[in-house]
Amino acid sequence: MSTIPSIAGTLTRAQVASMAVATGTTVANLYYSQPILGDMAASLHVTGAQAGVVPILSQAGFAIGLVFVAPLGDLIDRKRLVIALEAMLCVALLALGVAPTLLAVYVAAFLTGVCATAVQVIVPLAATLAPPERRGHVVSQVFTGTLTGILSARIVAGLVAASWGWRAIFDLSAVAAAGVACLTAAMVPSEGVRHGPPYLRLLASTAAQWGRFATLRRVSLLGALTFGVFCAYWTTLTFELRGAFGFDTRQIGLFGIAAVLGAAVSPLAGKLSDRLKPSRMQLVTLGVLLVGTLLAAAGASSVWLLALATVVIDVGVQATQVSSLAQVYALDPLANSRINTVYIATFFTGGALGTTLGIQAWRLDGWTAVCVLLCLLSAIALVVAWRNAGDRSAAD
């Protein structure tokens, strides 16, 4: 069985801030390519469809890393694992910045995704190091860094590419990855020696975590539903802004600022999750999410209502996620890297399904059908949370 030293409660504010910066800087690499695919295609003399494979490979690499790399956090010192992944990420990004052919870009993008799994090592590490009474607040701060990185990546990539070309964003991010490795070495506490099962047995036990904890199954379902709402909304929002309001690419990108404002609420949600039972907290946050989807439906006639809906939906999704993570990381500190893998895998599966359903709804009846889907998924999540709150066996 894996063992860890008793170091919970040692995190300072500066250490939490450094971990938030690390997660945001790292996860952004999965999204930098999305707004610059046209520039990449023109530079490499390939079609837009061929360039469009780049972000898919980054996400595929991240999925592979989530399954085969992130569980190593239950076997070795996670500080050392993060430093190693960030160093390799730096190399992969440098390769991406100088890749002369499409095949080289594909390989570098895939490796970038694998190394970006460092995010899913840092977040459970922060939860382990935080004292139980502050775990929700600490997780929310680190998770805010992750969300800010995701939401701002497209804006930053577009601005950098417009000024210095598409390769510059990867060169700058390579420098940032090296900086994160140094920051982690200097600021993040070490867990010391960890003794866990052999690697293959570790991987086999990852799937077994699903059966161990009813709470994990419950919050994973909520995570899948809420991230499904998030992805369905953001996938189709571009179509609505362009078609109904005549927004250009720059204006659509700036709409992401509304989402960043929503991310700022996560620390408050973390504090509340430390004071309230998570199941009750989720009733509140999912109620907020449902209100946001109703505002999105009303936003068909007003861009300002749509901007407000964007903030409210993001607040609902993020606050629910923070509360869920606080529950997940309290289950078993000795296995929370594997537990995190199960939760995040379910979370992203929900996002993929939400994206697919959102596109199909748009094809069926445009924004009206999308909003029906958003309201339906939010309502289902609220019903699930209501049943959980009434179930005394729900682990709070």
**Message:** Please go through region 273-329 and give me each residue that is among the hydroxyl-bearing types (Ser, Thr, Tyr) and assigned to a helix (DSSP H, G or I), ordered by number.
**Reply:** SER273, SER279, THR285, THR293, SER301, THR310, THR320, SER323, SER324, TYR329
**Asked** Does region 208-215 contain at least one residue that is modelled with pLDDT under 85, in a helix (DSSP H, G or I) and among the hydroxyl-bearing types (Ser, Thr, Tyr)?
**Response** no
**Message:** Looking only at region 156-191, how many residues end up being aromatic (Phe, Trp, Tyr), under 15 Å from GLN34 (Cβ atoms) and surrounded by fewer than 21 Cβ atoms within 10 Å (Cβ to Cβ)?
**Reply:** 0
**Request:** Go through (1) touching a residue at least 40 places away in the same chain (Cβ under 8 Å); (2) more than 20 Å from TYR31 (Cα to Cα) and name the single condition ALA84 misses.
**Result:** (1)
**Request:** Please work out which one of (1) modelled with pLDDT of 85 or more; (2) more than 23 Å from TRP210 (Cβ to Cβ) is the condition GLN318 fails and give its number.
**Result:** (1)
**Fill in**
Picking from THR341, THR368, THR346, THR356, the residue that is under 30 Å from VAL121 (Cα atoms) and surrounded by fewer than 17 Cβ atoms within 10 Å (Cβ to Cβ) would be THR356
**Message:** Considering only region 143-154, I want to know if a residue exists there that is touching a helix residue (DSSP H, G or I) at 6+ places or on another chain (Cβ under 9 Å), over 27 Å from GLN282 (Cβ atoms) and either of a type outside the set (Val, Ile, Thr) or not assigned by TED's automatic domain parsing to the domain that holds SER378 (or both).
**Reply:** yes
**Message:** Suppose the filter is crowded, with 22+ Cβ neighbours inside 10 Å, touching a residue at least 24 places away in the same chain (Cβ under 8 Å) and more than 16 Å from ASN29 (Cα to Cα); does ARG78 pass it?
**Reply:** yes
**Asked** Within region 79-120, which residues are more than 19 Å from VAL67 (Cα to Cα), among the hydrophobic types (A, V, I, L, M, F, W, C) and touching a Phe, Trp or Tyr at 6+ places or on another chain (Cβ under 6 Å)?
**Response** LEU93, LEU96
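The values are calculated or read from the model by the stated rules, or taken from the named source; none is laboratory data. Since we're looking at a predicted model, the values are computed, not measured. When we count neighbours, we look across all protein chains shown, and the Cβ atoms used for this are built from the backbone with ideal geometry, even at glycine.
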